[in-house]
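What follows is a short report on a single structure.
The values are calculated or read from the model by the stated rules, or taken from the named source; none is laboratory data. All figures in this text were calculated on a predicted structure; none of them were measured in a lab. Note that each Cβ is placed from the backbone with ideal geometry, even for glycine, and that neighbours are counted across all protein chains shown. In case anyone asks, the SASA skips ligands and DNA or RNA and just uses the protein heavy atoms, side chains included. Shrake-Rupley method; radii C 1.70, N 1.55, O 1.52, S 1.80 Å.
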Amino acid sequence: MPKFAPFVLERSNNPGTGPFALSGAPPGRRGWSGAFADGDVYYFADDGTQAEWGIGRLTHGQPATISRDQVLGNTFDRQDRLNFTGLVYVYSDIPVEAITPPVTQGRASIPGAELGDQRWNVASQDIRVSGITLQVEFAATFQLKDWGGIRDGDWSFLQIICSLYRFDSGGSTSLYTAEQRRIRVDRNAPITITVNALAVHLSQGEMIKAVITTVPLSRNRQDFTLTPLMADAALTWLSV
C-alpha cells in the first residue's frame, strides 16, 4: 500500500511530465528520503497555478526521485500528468480518491396495513448515503384478508415496486432507478417477498428517497372484496 506522512515536502525544478527529482526540503519540513524507504507513496505536486496528485515510487539517490505511475487527479479534472515547467512543491498526503468511504446501514420497521384494491405507497424513507452506492431491500409478508365474499382458493397478483429517487437543488425528486416483483397472494397462506434496488454513481452525502409501492393486478374472480394484508414489513439499506 502506498505510504504518506505529515510535514513531508521537497522542491523539484522543471520536471515536465517526467519524474520529480527532489532538491531538498524547506525549513520546517521533512525530506522524502528521511520519512520513507524506497517504495510506493502518495504524492501531491503544486506549482501555484496547477496541481496533480497520485501514486508514485520513491527511489533514494542523488537526487531522490518520485515517479508518477498513477495520476489520480489534477486541477483540470483529468487523470494525466501535468507539464510542470518551473519550481514545483512535492508533498505527502493521501488523496480523497484513496480513502475508503465509510459503510452505513439502517433499518426501518413498517407498520402492518390493509392495502385495499388500489395503488398504495406503503413506505417512504429518506436516506443520506455515505458512499457512491446504495442498496435498499424491502421485505414483507402478504395474505388476502378473509372477508368480503372471499372463498378458499381465491387469489390475486400483486406488484411490489422499490423506487429510488434523487433530490435536485430545489428539493424536488426524480426517479433514479426502480426494481419490481410480481407475486401471487392467496387467502389460505401468507407469502413473504423481498425486493432489492441498487443505485450507483451517487455523491457522498446526498439524500435518496426510497419509496415502496404495491399495485393490485389481476385476480381469479371479481366478485369479492380485495384486501391484501401486509405484515412483518421492514426496509433495510446499505451504503458503501
- [ ] Write out, first by first residue and then by second, each pair whose Cβ atoms fall under 8 Å of each other, whose residues are 6+ apart or on separate chains, and whose first residue, in the stretch 81-96, is in contact (Cβ under 8 Å) with a residue 12 or more places away in the chain while the second is loosely packed, with under 15 Cβ neighbours inside 10 Å and among the acidic types (D, E).
- [x] none
Task: Members of the stretch 138-149 found to be open to solvent by less than 40 Å² (accessible area, probe 1.4 Å), of a type outside the set (V, I, T) and in a strand (DSSP E or B), listed by number - done: F138, A139, A140, F142, L144
Open item on the list: Suppose we filter the stretch 150-170 for residues that are assigned to a loop (DSSP other than H, G, I, E, B) and open to solvent by 50 Å² or more (accessible area, probe 1.4 Å); how many remain?
Closed with: 5
- [ ] Using the structure shown, decide if V200 is exposed (fewer than 14 other Cβ atoms within 10 Å of the Cβ), β-branched (V, I, T) and out of contact with any strand residue (DSSP E or B) (no Cβ under 6 Å at 6 or more places or on another chain).
- [x] yes
TODO: For residues that are charged (D, E, K, R), buried (at least 18 other Cβ atoms within 10 Å of the Cβ) and over 37 Å from the mean Cα position of the chain (by Cα), tally how many sit in the stretch 9-22.
DONE: 0
Task: Residue pairs meeting the criteria (Cβ under 8 Å; at least 6 apart or on separate chains; first closer than 15 Å to E114 by Cα and assigned to a strand (DSSP E or B), in the stretch 214-226; second modelled with pLDDT of 90 or more and hydroxyl-bearing (S, T, Y)) - done: P216/S156
- [ ] Consider only pairs whose beta carbons are under 8 Å apart and that are at least six residues apart or on different chains; among these, list those whose first residue lies in the stretch 47-71 and is within 15 Å of N13 (Cα to Cα) and whose second residue is among the small types (G, A, S) and open to solvent by 70 Å² or more (accessible area, probe 1.4 Å).
- [x] P63/S23
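Which residues, taken from the stretch 57-80, are among the acidic types (D, E) and either out of contact with any Lys or Arg (no Cβ under 8 Å at 6 or more places or on another chain) or surrounded by 16 or more Cβ atoms within 10 Å (Cβ to Cβ) (or both)?
The answer is D77, D80.
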Open item on the list: Condition first: open to solvent by 30 Å² or more (accessible area, probe 1.4 Å), closer than 30 Å to A51 by Cα and in a strand (DSSP E or B). Now tell me which residues in the stretch 88-137 satisfy that.
Closed with: Y89, Y91
Open item on the list: Take G54 and tell me if it is within 20 Å of E97 (Cβ to Cβ), open to solvent by less than 40 Å² (accessible area, probe 1.4 Å), modelled with pLDDT of 95 or more and in contact with a strand residue (DSSP E or B) (Cβ under 9 Å, 6 or more places away or on another chain).
Closed with: yes
- [ ] Determine whether P6 is more than 33 Å from the chain's Cα centre (by Cα) and of a type outside the set (A, V, I, L, M, F, W, C).
- [x] no
Open item on the list: Being of a type in the set (G, A, S), open to solvent by 30 Å² or more (accessible area, probe 1.4 Å) and over 32 Å from the mean Cα position of the chain (by Cα) is the requirement here; does G34 meet it?
Closed with: yes
